[in-house]
């Protein structure tokens, strides 16, 4: 636990991811929200400028905050969470980092930059060492979080990779509408329909997965060598990305052992008992027809922070295994993971 | 064209598949519907006993027909189409075949029986030769049609297999609610949700695919040797099964060539110009976000009889290719394919 | 039937209403499409610039047409159908009328203008006489069609009003997503949800209904005196507005007689056998749970041009009656009604 | 607060209403669950025999309970909550009441019986005096709760009736799928569709509303004299019934005053600070497009126990007012109201 409360700001706080940042920062034991920014809403009260879709009501005190411009001179914070669109992120995140802020970003702008750590706290916390590389050039730092689909996929793959060595991953995703923000996907595209394409998503899944699973050595990350093939679809579901995963491994795999590995999997956030860390990052469901988005998306001791896995079963031979994984795209896939990452940074004295 | 009209009956004509049989038999140039059966509705008028969900109105004259019992003595027909549930099918289809009828079945009861042809008319019409084996034991015959998911998958796989040799198939399906019949899936299971399990479906996909793709030799079918891994899910879509397919091949595969092969693919029904044969069994769509169930499920010169394919692209290496396929589960996946099969039987003088 | 084919153009042809104009004009016996306009798509082929959502494929030849600017000098037509947004309509429709064109408009711009006829062809064809008033000021004319919700409501009210005198109407609508165009309503607003508000709609329903039901006398329309209270909601349905209607009448009303009146109702389009006139403008369904949007929206001998009515029943006393009405918002509620109106204009020698 | 904890049982505890009873009884300060019954599941553990759809997980300890038969001799409780189907309720509820139990019923079996109080705790708590009439004949009592649609309607009507005298109510409901239980409504009926009919519902709305709003005098309830016309529809929403309400009053009505009356409305449960009483039974929302089922169904200090109201506006003249009301059909409309009623019975010493 940090010795004093840490001031945080949320850039791009009007959108869905921004809303979930506020929802999850409300009552946070370490972090104190000091600023919210939105280019289009400067000067407006949060409550008045937002179409709140994160469930329940706008946290009362946050609702009274006034949007300011995303300007390092105007933001008084130690950490800025970025929920900016990629284009704006590319410019502003660097500006904030150069001004000495620690930027924890949900945008894709710098994820694949070789000096920028792309981290799922339970998987590759050691990659945070890249911050030291960044600090040779600027006083702040940029730390990133994978896109929602990748985070949800990477968590169950991690213990499998450690145990058996993953050679190949074939994944088809059934992603929720909220992944596209608001207004996002038109009703006319999702009533009685599925859209089997999400721009740029499949490339992100592959590249980000390989980087997260990569090894840090000599100040750089060597991407993992596994083969990844993904198909991303959009289905008429509000929240919760479901992923149908097929894996081939180096060594022979045992399904019962996989179930056990998944259930017992823990990472640094669990060891450090970080506030937003769920007791179990992965929950294996026994129901034959689970996980289901509506029923399981808010699973875990910190609701929405656990990935649920079901139907773990043998693939085509002894070196393949299949399962379904589900995660809340706006919690574990976005705001929650970023907050957990900031907690890890604080616990590890990067902030 | 047969020299006289062929009398056909539909067993289990009240359900969704039964309804599509009637819809597609209406105005059929070769077949004349003489009887409809339903155990629960004997004596009732078709129109009064059916919750019609096949679009438009009940074909007028068929609506006036009276349900009779599925009894070979009461049915006056050359061919019986069976849309019976498996249990009833096991008993009744054999009874009809023994009584001399040609049974064209949509049920799973005898699909994997070694003397029973399991045929997609464009793929393995030669398997109909198994009828001769059956005829050594009885005067009629049972001919079967794969389950909807398999038919839709098998069609685009056929030309790929012929050209490159398929080693492995990994498929995740997004299946429509109507695949479960009426009432079928509860609204509470599909509003804001997806159910990642369909009982028995994944086993059917593998076994039936291997049998269809198998080689007939010496009066029996040797199943194909490819590896098949499938995950079947139910999505909030009315009609149209979407399938996300990953394929590994023996020989190096070229995506552009695959597109061409799919587009040019034709089978015996096209050569014979059977009434229910679409000009193109497979239509390749160029839109980056196609096929989509609502927009594409009724594709083809005979609406719903073509499978649409989109996003043909390289998989993880030179020996893998990926695509999405979509078919109407009640037309190409059920009644339409069975009627096409009966047309083939007629054209080939099996009836 | 006109002695020569009539050249027509569609202004704002890219949107959903525009698409249905093209769909319904294809193969039209009297009208020949000569131009399509879209401010944003000038120079592009129709097929390439449109996200086609009107079912089936873009009519082939229309797909090849090139969008031009909505400029009276560039459009070669007798009639222009306007599917323009209100603001653009206000300017362009007048410009076309002044240039001598007959404008048949689906926009709200001039509907309530006292010299502009607001006509449902089966209800108030006599209001077209207002064209003569317009012609004293310009060579062309503007003729309008009510908004979709009003048209669907007005049709069943007409024979009831004629027979019993309507004093009061209380209506709650359940409107389809396509009524808001594309992209229109966000998926996040309609998954597991209903939105009980549609901007401006309730005022339109009241005002337009009163004008349509009004009496033409002395070159102006005296609005009907009935009281109208409406609540408009948006539901997760693609096409088809359902309306729950409660009516109070001057004279005692008999439900069976109402059913008969509705079923027998015919207007001038039926007498004249106009090409887009359905045999029955109103179809009364006997099913206790009808009309339903998905099952009934394409009813009628010209699909989608008939309003279906169900559950005709007594209200709170002998002077009130209730029913549900359903119509296809893009056919009877938009393109179809406008085309029918143009046919009437042609038949009545206004063109 | 009662001096000792009150033992309660839930009859028909497997269904959706039963599940919400368990969810809301968990951790209840006064009530201790001692038995759950289900004819089909006797002997099974709750957890194993239930498809849990009430959100989150089955409350742990309740999940371990074993279903018993609904037999007064086997149930050890002071109060039994009945979520039985009507037929079973007719027999069993009387049997329990005769055996001395206080039955609080969600079934329709005895709601309109003249000696049985039909009570919404905030509206007509005085009707509980009918219990004394019952007690002349048996040692226990039956107390009932209106159906969900009526409760949600009656709450906002109550202060309006008190202030202005209601003459007429015209209501159209948009009801959630969960109102029909599980499996309830088929997906094929609610994908891209609305069903404008719910068997028996409209009669219940009228009769139950009139009884609740009636006056108790001389040991019987004189039903209110207002006219009620209702149309009940089913929409693709999980939980939350939305009602579009038009009201005519005796005296002139002022919309702003109505808003104030609704906001300030409180009943005995609020005065007595009963555990399940929300601070505000009615919450008026200011958003122009509210209430919406998904956003507002869990409103209130006890989530789901407040009815939200929006769009309060003038009807057709000075003596009419319109609004939309929304309530959670399984909380305020079912289990929550029944528990609140039992709390009232306890506080008023009926138990």
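Odds and ends about this structure:
- Gaussian network model of chain B, Cα within-10 Å springs - most flexible of B:31, B:21, B:81: B:31
- Value in Å of the Kirkwood radius, where the range D:148-329 supplies the Cα pairs that are averaged: 16.8
- Taking the label point 7 Å along Cα→Cβ, residue B:39 and its counterparts in the other copies are spaced 2.3, 6.5, 6.6 nm apart, in ascending order.
- Cα gyration tensor, the range A:1-141 - rounded (a/c under 1.5), prolate or oblate: prolate
- Folded to 0 to 90 degrees: helix A:336-347 orientation relative to chain A principal axis, Cα: 70
- Ordering of D:219-230, D:203-214 by packing is D:203-214, D:219-230, highest average first (other Cβ atoms within 10 Å, averaged per residue).
- Among C:118, C:16, C:188, the largest mean-square fluctuation in a Gaussian network model of chain C (Cα springs under 10 Å) belongs to C:188.
- Taking C:263, C:199, C:134 in turn, the Gaussian network model of chain C (Cα-Cα springs below 10 Å) assigns the largest fluctuation to C:199.
- Least to most buried among C:107, D:178 (fewest other Cβ within 10 Å first): C:107, D:178
- Angle between chain C longest axis and helix C:201-212 axis [Cα atoms, degrees, rounded to 10]: 90
- Debye intensity ratio in log₁₀ form over the Cα atoms of the range D:218-285, taken at each q of 0.16, 0.24, 0.28 Å⁻¹: -1.00, -1.14, -1.13
- Anisotropy class of the range C:5-73 from Cα gyration tensor, a/c 1.5 cut: oblate
- Here the range B:44-91 and the range A:275-349 have alpha carbon centers that stand 48 Å from each other.
- The angle between the Cα long axis of helix C:16-25 and the longest principal axis of the Cα atoms of chain C comes to about 80 degrees, rounded to the nearest 10.
- Taking the C-alpha atoms of the range C:227-336, convex hull volume expressed per residue in Å³: 122
- Across the identical copies, the 7 Å label point of residue D:76, projected outward along Cα→Cβ, sits 6.3, 7.1, 9.5 nm from its counterparts, in ascending order.
- Partner shielding of B:224-236 amounts to 5, given as the average count of beta-carbon atoms from other chains within 10 Å of each residue beta-carbon.
- With Rh defined as the Kirkwood radius, the inverse of the mean 1/r over Cα pairs, the Rg/Rh of chain A is 0.95.
- Counted over the protein assembly as shown, the DSSP beta bridges are approximately 45% antiparallel.
- One residue of chain A places its C-beta nearer than any other to the axis carrying A onto D; that residue and its whole-Å distance are A:192, 2.
- Residue exposure proxy: D:151, C:34, C:249, A:86, ordered by other Cβ atoms within 10 angstrom of their Cβ from fewest to most, comes out as A:86, C:34, C:249, D:151.
- Dividing the alpha-carbon radius of gyration of the range D:131-202 by the rule-of-thumb value 2.2 N^0.38 Å gives 1.58.
- Each principal axis of the range B:181-259 carries a Cα extent, and these read 48, 36, 18 Å when sorted largest first.
- With R₀ set to 35 Å, the beta-carbon distance separating residue D:217 from residue D:286 gives a calculated FRET efficiency near 0.30.
- For chain B, DSSP calls about 45 percent of its internal beta bridges antiparallel.
- Here the range C:33-111 is described by how far its Cα atoms reach on the three principal axes: 34, 24, 20 Å, from widest to narrowest.
- Part-to-part distance (alpha-carbon centres) for the range C:189-253 and the range D:182-214, which is given in Å: 24
- Label 7 Å beyond Cα on the Cβ vector: residue C:250 copy-to-copy distances, nm: 3.1, 8.6, 9.1
- Beta bridges from DSSP with both residues in the range A:148-329: antiparallel share about 70 percent, rounded to the nearest 5.
- Proportion of all alpha-carbon pairs of the protein assembly as shown beyond 43 Å (%): 51
Here, each number is a calculation from the coordinates, and none is a lab measurement. Computed from a predicted model, the values in this text were never measured in an experiment. Cβ atoms come from the backbone with ideal geometry, glycine included; neighbour counts cover every protein chain shown.
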